[in-house]
1. Would you be able to say whether some residue in the range 51-74 is in a helix (DSSP H, G or I) and of a type outside the set (Phe, Trp, Tyr)?
2. Would you point out the residue of the range 30-66, among those that are loosely packed, with under 15 Cβ neighbours inside 10 Å and of a type in the set (A, V, I, L, M), that is nearest to the chain's Cα centre (by Cα)?
3. Among ASP43, ASP35, which is the only one that is free of Cβ contacts under 8 Å to residues at least 40 places away in the same chain and part of a helix (DSSP H, G or I)?
Amino acid sequence: MAINAELKAEILRRLYHSHPAGLGSEILDNHHGEDAVMDVLQDLQEHGLIHKGNVHVDAQGDRSLVLPIKLTSAGADAAKDAE
């Protein structure tokens, strides 16, 4: 899974500037496509930048989102750095 750095920075910025309640399924709306966004969200979760449990991967490798998506404090710091 190759992570697009530009897309990662864009998603971090969107989450940082979102409502305090987080973002819903609109996070998937991106010209890179839902799969690319899911890759980034999974990477953010693995690195502790979004709350654990937002991206669920089942035994078959299928991914689903538990909404809303919110940044952790480390994610907020990373988003500030991305600006």
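No lab work stands behind these numbers, since they all come straight from the coordinates. Computed from a predicted structure; not experimentally measured. When we count neighbours, we look across all protein chains shown, and the Cβ atoms used for this are built from the backbone with ideal geometry, even at glycine.
1. Going residue by residue through the range 51-74, those that are in a helix (DSSP H, G or I) are 73-74.
Checking the rest, the ones that are also of a type outside the set (Phe, Trp, Tyr) come to 73-74.
Among the residues of the range 51-74, at least one is in a helix (DSSP H, G or I) and of a type outside the set (Phe, Trp, Tyr), which makes the answer yes.
2. Result: VAL66.
3. Details: ASP43 fails: free of Cβ contacts under 8 Å to residues at least 40 places away in the same chain.
Criteria check complete, one pass: ASP35.
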